[in-house]
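Contents: one structure, followed by commentary.
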Amino acid sequence: MKILVTGGAGFIGSHIVDAYIAAGHDVAVIDNLSTGRRENIQHAARFYELDIRSKAIGEVFERERFDVVNHQAAQIDVRKSVKDPVEDASVNILGGLNLLESARRTGVDKIIFSSTGGAIYGEQDCFPADESHPTRPVSPYGVAKLALEHYLFYYRQAHGLEYCVLRYANVYGPRQNSNGEAGVVAIFTSKMLTGEQPVINGDGHQTRDYVYVSDVARANVLALSLDHSDVFNIGTGIETDVRQLLHMLSGLIGARAPEVYAPAKAGEQMRSVISWRKVHDALGWQPDTPLEEGLRRTVDSFRKALV
Ligand SMILES: NC(=O)c1ccc[n+]([C@@H]2O[C@H](COP(=O)([O-])OP(=O)(O)OC[C@H]3O[C@@H](n4cnc5c(N)ncnc54)[C@H](O)[C@@H]3O)[C@@H](O)[C@H]2O)c1
């Protein structure tokens, strides 16, 4: 298949590009390198350095005639979305729509969209949440992801453009960017490896569902074979709190940093954990990498990158 991966220079997108190329697909990448890195993209993929909001996107679609668009590019920082909801919506809603319009015009068969299984549900009523859980996003980031899910439903109804929405839990692993405020595993790991003090925002009891990036990339490969449009959670169903995570990482790294706390950040929920039963039934996916093992691989790769 001929596949476009937007955000393919980023953390998750670059692992998806690798998995698609390994499966024999023809892959192109669109990325503006705002948080992604050129060196994350393998040579076998064609690279267009473009913003998903730009008009030039249409020309790329006309020339390439993609079968599938896997849309990973996004403003990913929940806290930035709280500070500047207009910029967040500009990338995450209008940028997405720009792609959907080009996809519709050029006969793309399917969109695979990276949504969120955290911010979209808001504070959960039940644990783990399945896909039928009410959506009550408490951040502009979550609102924008939900809006694009609704647009996908509309494009399916109005134009026959099929979709597969994957609502990721907290993804972690090699190549995650530790410079922003998103991605607690990457931030803690790089701080501990360089002797800096990691800071826990809030009381440390807030929980997340940590899913390893290779498992997420595999879900994106399986999504290619879905024969209808649907929405799936991609998580582990296991809750881990921030203090536990810090302890596991300091054990692996051998760091002995004291626990330092700062006030909780706006727009973030207390508990988040999602069920993977539906995607297992539909596509045979399940999380294969235990947290301890995934963290070990992450620490190893961050360590190598420092040398
Ligand atoms: N990391 C997680 O835990 C997580 C959880 C849920 C959903 N997601 C979603 O997964 C996707 C990938 O996230 P990631 O963690 O790999 O982040 P990332 O920042 O590493 O990747 C995003 C990529 O998109 C690119 N990009 C951003 N704005 C762009 C624009 N306007 N035009 C073109 N390219 C642009 C960036 O340069 C980057 O390469 C995002 O859609 C994110 O919302 C991530």
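Things worth noting here:
- Checking ALA45, ALA28 one by one, the residue that is among the aliphatic types (A, V, I, L, M) and farther than 19 Å from ARG105 by Cα is ALA45 and no other.
- Among (1) assigned by TED's automatic domain parsing to the domain that holds VAL78; (2) surrounded by 15 or more Cβ atoms within 10 Å (Cβ to Cβ) - the single one ILE253 does not satisfy: (1)
- Just one of the listed residues (ALA103, ALA119, ALA144) is over 27 Å from LYS55 (Cβ atoms) and either crowded, with 22+ Cβ neighbours inside 10 Å or not assigned by TED's automatic domain parsing to the domain that holds PHE66 (or both), and it is ALA119.
- Selection count, region 108-158, where residues are within 25 Å of MET1 (Cα to Cα), away from the ligand (no atom under 16 Å from the Cβ) and in contact with a Ser or Thr (Cβ under 9 Å, 6 or more places away or on another chain): 4
- Tabulated pairs, region 57-75, first under 19 Å from ASN92 (Cβ atoms) and assigned by TED's automatic domain parsing to the domain that holds ASP26, second assigned to a strand (DSSP E or B) and more than 14 Å from the ligand (Cβ to nearest atom), C-beta under 8 angstrom, 6+ apart or interchain: VAL69/ILE3; VAL69/LYS110; ASN70/ILE3
- Filter pass, GLU59 being at pLDDT below 95, away from the ligand (no atom under 11 Å from the Cβ) and either closer than 20 Å to VAL221 by Cβ or surrounded by fewer than 15 Cβ atoms within 10 Å (Cβ to Cβ) (or both): no
- Qualifying residue in region 12-23 (condition: modelled with pLDDT of 95 or more, within 6 Å of the ligand (Cβ to nearest atom) and either in the same structural domain as ASN98 (by TED's automatic domain parsing) or surrounded by fewer than 24 Cβ atoms within 10 Å (Cβ to Cβ) (or both)): yes
- Filter result for ARG167 (over 30 Å from SER301 (Cβ atoms) and either at pLDDT below 95 or of a type outside the set (S, T, N, Q) (or both)): no
- Test: residue in region 264-278 that is modelled with pLDDT of 95 or more, surrounded by 15 or more Cβ atoms within 10 Å (Cβ to Cβ) and aliphatic (A, V, I, L, M): yes
- Neighbours by Cβ (under 6 Å, 6+ apart or cross-chain): first from region 36-50, assigned by TED's automatic domain parsing to the domain that holds ASP26; second surrounded by fewer than 19 Cβ atoms within 10 Å (Cβ to Cβ) and small (Gly, Ala, Ser): LEU50/ALA56
The values are calculated or read from the model by the stated rules, or taken from the named source; none is laboratory data. Computed from a predicted model, the values in this text were never measured in an experiment. Heads up, the Cβs are rebuilt from the backbone with ideal geometry, glycines too, and the neighbour counts pull from every protein chain shown.
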